Each structure stands twice: as C-alpha cells, then as structure tokens.
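*Asks:* First, the structure itself, so that you have it in front of you.
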Amino acid sequence: MGVACSAFSVAGCGWGALGALPKALGRFRVPQPSKSGDAVFAQPLCCAPVPLRVSFAVSLFTLAMLAAPREARAFERQWHLGGGLGFVAPNSGYSMAPTLALHAAYGISDVFDTRFVVAAAWPHPSDAKQPTSVLSMSTLGLAYKLDIIEWVPYIGVRAGAFGFGASPSQPYARFGGVLGTMAGIDYSFSRSFAVGAEFAEDLLLPAGTVLSGVLHAEYHWGF
C-alpha cells in the first residue's frame, strides 16, 4: 500500500511539473526584430515557432542523456581467471617460440587491476648445438583500464622473476628478475566471460629483453 501511495505521489509530482512547464516557458521571450533593427522580446517561448520549441526540447533531452549514468562493465572487487596461448621473442640468442600463460586479476577499483601472470615458453637457441630450453616467468603487475565499457583497453607495469631450465645463451642469466610493461584489450561478450589480447616487453635482469603476445580467455566473478 505504501509503495502504491509513493508511486501516485511521484506521478502527481510529475504531472504538476508538466503543468507548470507552460507557465515557466511563458516567462521566456523570443527576440522579434523591430523596424529600427533592435531586438524586441515580445513573444513567449511557449508560443514560439515550432522549430524553436523543438530545438529547446532537443536541448533538454540531450542534457538529460548526458547527465544519465552509463552502465559499467569493469567492476571493482571483480576477480578474473584465465589463460591463453601466444609467442615469445627474445631479442638475441633464441628464435621465436610458443608460450602458455595463466593469469589472475583483481579489480582494486573501477580503473585499476592487479594482475598475476605465470608463463612458460620453449625458445630454441640460435646455436643448433644447444638444446631447447624452458623459460619460466612469473610477474605481478598493476594495470590501468582506459575505459569501462564492453571493450576495455589497458596498460600497466609489472615485476617478477624468471628462470631457464638449462644454461641459457648470452646475454641471459640462468635466473634473475623481471621488469616489464604491458598493454592489452579485453572484450566482455557476457557478464562472466571475456576474450582478449595482451602484448608485453620484459627486461630479464641483469641483461636481455623478451617480447611476448598472448590471446586469452577469462572468467569473471565477484560482482
């Protein structure tokens, strides 16, 4: 019963506002040219020509649409879990190789995510006498989402550690730290699932760099 009364009250207020609109419009005057060339404000806006009234209505509608909030598809406190396949391209000593990556992310705000990535690649040394080695890498990063819609591009930085399964080619060390940058884009085709691509450049300390690209799919929860 209380809900119905509230609804009738809101409707009454709405009709009251509409009833007061002609009076409010009557206070506005449309400039009319006089014989001397000066503008004379004589005609009320409610009685103005149709094009002017239409323009006024369109302006009010446009302002209302701009003020209305948009639905956000990237949420704070949202978890992401996914994986993908791609490539790794060391800058020297190895050829391009396939990679497998798993990632987890958490939305600490509407525009920032923390991202944890574990990846493994199998680069083949340029020297045919050396066997193929496994390159393992794990990083923790912070990503900034450029927009919060179905398409969500992002950029970020990350740090972590790496290790080669066998003695690597120069200039790489067997183990070391990782400093890198990343950029990617995700497309949420539903509330719980998304696909995307991510590219990164990582410095394998103390020397050497690695470029990588991964196509991934992920699951979201925790809205």
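The values are calculated or read from the model by the stated rules, or taken from the named source; none is laboratory data. The model shown is predicted, which means the values in this text are computed figures rather than measured ones. Note that we place each Cβ from the backbone using ideal geometry, even for glycine, and neighbour counts take in every protein chain shown.
*Asks:* Select from the range 146-193 the residues that are surrounded by 19 or more Cβ atoms within 10 Å (Cβ to Cβ), over 19 Å from GLY93 (Cβ atoms) and not β-branched (Val, Ile, Thr) and list them in ascending order.
*Replies:* Selection gives TYR154, GLY156, ARG158, MET182, GLY184, ASP186.
*Asks:* Under the condition of being modelled with pLDDT under 90 and outside any strand (DSSP E or B), which residue from the range 88-108 is farthest from GLN170 (Cα to Cα)?
*Replies:* That would be SER95.
*Asks:* Next question, about the same structure. Taking the criterion of being at pLDDT 95 or above and out of contact with any Leu (no Cβ under 6 Å at 6 or more places or on another chain), would at least one residue in the range 119-127 satisfy it?
*Replies:* Checked against the condition, which is being at pLDDT 95 or above and out of contact with any Leu (no Cβ under 6 Å at 6 or more places or on another chain), the range 119-127 yields at least one hit.
*Asks:* Moving to a separate point now. For the list (1) under 19 Å from LEU204 (Cα atoms); (2) exposed (fewer than 14 other Cβ atoms within 10 Å of the Cβ); (3) at pLDDT 90 or above, I need the number of the one condition that PHE116 fails.
*Replies:* Result: PHE116 fails condition (2) only.
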